[in-house]
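The values are calculated or read from the model by the stated rules, or taken from the named source; none is laboratory data. The model shown is predicted, which means the values in this text are computed figures rather than measured ones. In this analysis, Cβ positions are derived from the backbone assuming ideal geometry, glycine residues included, and neighbour counts consider all displayed protein chains.
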């Protein structure tokens, strides 16, 4: 029986471990944070300290592909999420009133998902994982061990060493240590080439507050999950146990809007936006929680067609991490985990081929979603910063950008175009796949040409500065 060691006991690490264990591998998880699994979802929310997960109490959302992945690979985790209070949510519930055609379509069930707060999600995943795989919490790995090379000139990892001097060996190591993974430096220490790495500050700051309903009912959606205003955005996410989160997203260069860290100013802004004010109709269960300095980062471990190392691969945020306002992290991570398990199952006996195949799977299955997210981030932050600086927003001459702009208009009026946009925003179909459908681009252009852009009501930049003065 093959042995696999997974570094990182978050949602993606544990999910990868369970999928592999159910394929017949002997899997152990090392988690740096030492606190044990709490006794209930409420205890997880109130007191679970996950110092290794900076975004642990920031908003999270599981897009529809998660539900299908759980059905296929981890149905007991889906059941645990429901027991923990997570809710089934219909992504089409955000369809705006301007779309008058409400006739159901065949396949609408694909827009259903299950979601909740991060502590509840992680509690549910861990509660299942602890029943079927060894999880060692409080283990601080500080480096890699190597053995005989599987390919000439390429270091081969055979184990890890901990800060306490212990050594552990396995047939494969999987890095699921998230955004804080130190793998590139570890690789350099054992004489491997550093991976290709791209990194940039996403340029956003997040101010979040969570609420609980007295009746258990969540506020109705009157606009999208993520709504863009000229110099800020609102993210409203359904959560578990009658709770929800509201996040104001601003540019990190917007000194004035940093006053939104104060509850009074934050509440005033939400109240001033008619499509969002009703999200205040609940009991606040947190203060305003802030997070900034979020890095968009991508790593590739095959350089010039050759793996930089064998015996270790990365999954989830250890491979690539993105701006959380799109809520894609766990969804992309689970897609990557399922693909990783398939590759391991096929190539574990050939470390060199495993490294190449894992890279090919990653570049085909999940890297396009990373690129899509980065493109959205860059366009949005450029537009926001232009408003702050009082200059026109940059305009692209790329025909694809023009179609994307037309889509933002057309989706507010046409039910089928709305569904197509929801597929793209929900990590169900890439833009190039949707636009390749017969007649789609022509229909978008036609509808957009016959309608005006729908802008969400709210304070102008001048009014906003006056509110926060």
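Might you let me know whether the stretch 293-314 holds any residue that is surrounded by fewer than 17 Cβ atoms within 10 Å (Cβ to Cβ) and in contact with a helix residue (DSSP H, G or I) (Cβ under 8 Å, 6 or more places away or on another chain)? Steps first, please.
Looking only at the stretch 293-314, we keep the residues that are surrounded by fewer than 17 Cβ atoms within 10 Å (Cβ to Cβ), and these are 293, 295, 303-306.
From what's left, in contact with a helix residue (DSSP H, G or I) (Cβ under 8 Å, 6 or more places away or on another chain): 295.
Yes: the stretch 293-314 contains one or more residues that are surrounded by fewer than 17 Cβ atoms within 10 Å (Cβ to Cβ) and in contact with a helix residue (DSSP H, G or I) (Cβ under 8 Å, 6 or more places away or on another chain).
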Which listed residue is closer than 22 Å to residue 151 by Cα, crowded, with 19+ Cβ neighbours inside 10 Å and touching a helix residue (DSSP H, G or I) at 6+ places or on another chain (Cβ under 8 Å), from 362, 322, 373, 331
362
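Across the stretch 112-144, which residue is nearest to residue 31 (Cα to Cα) among those that are in a loop (DSSP other than H, G, I, E, B) and either out of contact with any strand residue (DSSP E or B) (no Cβ under 8 Å at 6 or more places or on another chain) or in the same structural domain as residue 245 (by TED's automatic domain parsing) (or both)? Before you say what the answer is, go through the steps one by one.
Quick first cut of the stretch 112-144, residues in a loop (DSSP other than H, G, I, E, B) only: 116-117, 130-134, 138-140.
Next, only the ones that are either out of contact with any strand residue (DSSP E or B) (no Cβ under 8 Å at 6 or more places or on another chain) or in the same structural domain as residue 245 (by TED's automatic domain parsing) (or both) stay: 130-132.
On the way: 130: 12, 131: 16, 132: 16 Å.
Among residues in the stretch 112-144 that are in a loop (DSSP other than H, G, I, E, B) and either out of contact with any strand residue (DSSP E or B) (no Cβ under 8 Å at 6 or more places or on another chain) or in the same structural domain as residue 245 (by TED's automatic domain parsing) (or both), the one nearest to residue 31 (Cα to Cα) is 130.
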Only one of 247, 236, 227 that is in a strand (DSSP E or B) and either modelled with pLDDT under 95 or out of contact with any helix residue (DSSP H, G or I) (no Cβ under 8 Å at 6 or more places or on another chain) (or both)
227
Can you find a residue that is farther than 21 Å from residue 275 by Cα and assigned to a loop (DSSP other than H, G, I, E, B) anywhere in the stretch 87-98?
no
Please find, among 179, 209, the residue that is under 30 Å from residue 386 (Cα atoms) and assigned to a strand (DSSP E or B).
209
Some residue of the stretch 266-280 being farther than 23 Å from residue 229 by Cβ and either in contact with a strand residue (DSSP E or B) (Cβ under 7 Å, 6 or more places away or on another chain) or surrounded by fewer than 24 Cβ atoms within 10 Å (Cβ to Cβ) (or both)
no
Looking only at the stretch 41-78, how many residues end up being more than 18 Å from the chain's Cα centre (by Cα), part of a loop (DSSP other than H, G, I, E, B) and surrounded by 14 or more Cβ atoms within 10 Å (Cβ to Cβ)?
2
Kindly establish whether residue 241 is surrounded by 15 or more Cβ atoms within 10 Å (Cβ to Cβ) and either modelled with pLDDT of 95 or more or under 23 Å from residue 45 (Cβ atoms) (or both).
yes
Exactly one condition in (1) more than 18 Å from residue 23 (Cα to Cα); (2) in contact (Cβ under 8 Å) with a residue 40 or more places away in the chain; (3) in contact with a helix residue (DSSP H, G or I) (Cβ under 7 Å, 6 or more places away or on another chain) is false for residue 344; which is it?
(1)
